[in-house]
Amino acid sequence: MTTWGLSATILAPTTEILRFAAHHLDAGAHRLYIYLDDDNLSAFNTLKSHPKVRVQTCNTAHWKRLGVNRPVKHQARQTLNATHAYARKAEVDWLIHMDVDEFLVPQTNVAEPLAELPATTTSARVRPMELLGGSDTAFKTFLPPGRKRNEAVKSIYPTFGQHLKGGFLSHVAGKLFVRTGLPEMEVRIHNAFRNGTMLPDAAELTEIDLAHCHATSWDAWHRAYAYRIEKGSYRAELKPATQGTLSLHALLRKLEADQGEAGLRTFYDEVIGNSDDLRARLRAHDALRIVDLDLAAKVARHFPDAPV
């Protein structure tokens with residue numbers, strides 16, 4: 001039987017951590033390697049009580065064991081922890097690195113498409129779908145690259161689409177399952193490298209979506225905006241979607257400078273706001289999916305004594 005697991009470096013409230021863990025236990029994960037990025041005793045104790053979870057707090061002792069000082073950038077901490085989880089004695093056949101706001105949603109189950117891959121396949125990619133802010137169930141789906149994607153993006157997002165890769169606020173790269181047992185591996189946020197070379201020819205797992213809850217509401221998005229534009233997924237070092245367009249960082253800075261918060265709200269409403277108009281435009285391009293993650297029920301099922 002093919003087994004799979006995940007690693008995650010998490011800085012979030014206990015409720016969000018347990019929802020993430022419970023969802024993936026419910027989806028059939030054989031092992032979760034959770035690295036708590038702060039001292040969260042409540043989450044630690046609850047996770048540690050589950051036999052399929054391995055949890056550790058990323059304190060000074062943890063980074064000393066890894067032979068480094070605590071990296072300033074969270075991306076570097078994620079890479080070190082994901083690589084550490086991969087280098088452990090293998091307890092699963094496949095391992096994926098994910099964030100706390102990402103949830104695997106298979107058509108049937110996660111293990112089956114992994115089991116069907118040839119033995120020579122070393123990695124397999126799951127593509128994201130992005131939550132509409134203000135909804136718990138509505139997602140914009142991944143559009144495969146090509147002319148049809150470009151046409152759809154311009155139609156769905158007439159003002160800002162040219163500056164968006166695939167119409168998404170966050171990544172379209174998705175996340176990568178890596179077959180365990182490969183030597184000299186470094187696992188990064190969206191890719192994996194062996195002896196310094198990126199693993200080639202990742203299989204596309206079209207039977208599994210990665211539900212990315214990047215913006216749950218306007219208020220949540222606006223609260224996270226300052227961090228994301230300085231250090232996160234909208235930071236200046238990231239390239240534009242296509243040549244000759246503005247990067248997301250430059251676009252948002254321009255809107256903010258010209259129109260203030262109103263400009264950011266206009267952007268949010270067109271790109272990710274849960275409006276009837278946006279739903280209709282997505283539906284016209286078969287790019288709207290409704291999925292009920294039912295997270296509270298899963299927490300109750302897997303962590304019945306959770307203090308949340």
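The values are calculated or read from the model by the stated rules, or taken from the named source; none is laboratory data. Computed from a prediction, not measured in an experiment: that's the story for all the values here. A quick note on method: Cβ atoms are made from the backbone with ideal geometry, for glycine too, and the neighbour counts reach across all protein chains shown.
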Q. Can you name every residue in region 26-46 that is surrounded by 19 or more Cβ atoms within 10 Å (Cβ to Cβ) and part of a helix (DSSP H, G or I)?
A. A43, T46
Q) Looking at region 235-265, which of the residues that are in contact (Cβ under 8 Å) with a residue 40 or more places away in the chain and either of a type in the set (S, T, Y) or in a helix (DSSP H, G or I) (or both) is surrounded by the most Cβ atoms within 10 Å (Cβ to Cβ)? A) L248
**Q.** Members of region 95-108 that are crowded, with 23+ Cβ neighbours inside 10 Å and more than 14 Å from the chain's Cα centre (by Cα)
**A.** L95
Q. Restricting attention to region 296-308, and to residues there that are over 10 Å from A21 (Cα atoms) and among the hydrophobic types (A, V, I, L, M, F, W, C), which single residue is surrounded by the most Cβ atoms within 10 Å (Cβ to Cβ)?
A. A306
Q: Kindly establish whether A119 is small (G, A, S) and in contact (Cβ under 8 Å) with a residue 60 or more places away in the chain.
A: no
Q. Out of (1) under 20 Å from the mean Cα position of the chain (by Cα); (2) touching a residue at least 60 places away in the same chain (Cβ under 8 Å); (3) surrounded by fewer than 19 Cβ atoms within 10 Å (Cβ to Cβ), what's the single condition that is false for N191?
A. (2)
**Q.** Sole residue being among the hydrophobic types (A, V, I, L, M, F, W, C) and modelled with pLDDT under 95, chosen from L169, L199
**A.** L169
Q: Only one of these is surrounded by fewer than 20 Cβ atoms within 10 Å (Cβ to Cβ), under 21 Å from the mean Cα position of the chain (by Cα), modelled with pLDDT of 95 or more and not in a strand (DSSP E or B): T120, T159, T83. Name it.
A: T83
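Would you point out the residue of region 47-61, among those that are in a helix (DSSP H, G or I) and touching a strand residue (DSSP E or B) at 6+ places or on another chain (Cβ under 6 Å), that is nearest to K89 (Cα to Cα)? Walk me through it before giving the result.
Initially, region 47-61 is screened for residues in a helix (DSSP H, G or I), giving 47-48, 60-61.
Subset that is touching a strand residue (DSSP E or B) at 6+ places or on another chain (Cβ under 6 Å): 47-48.
Details: L47: 20, K48: 19 Å.
Top of the filtered list is K48.
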Q: Take region 164-196 and flag every residue that is part of a strand (DSSP E or B), within 20 Å of P118 (Cβ to Cβ) and out of contact with any Asp or Glu (no Cβ under 6 Å at 6 or more places or on another chain).
A: L176, F177, V178, R179, M185, A192
Q. Quick one: is A306 at pLDDT 95 or above, among the small types (G, A, S) and outside any strand (DSSP E or B)?
A. no
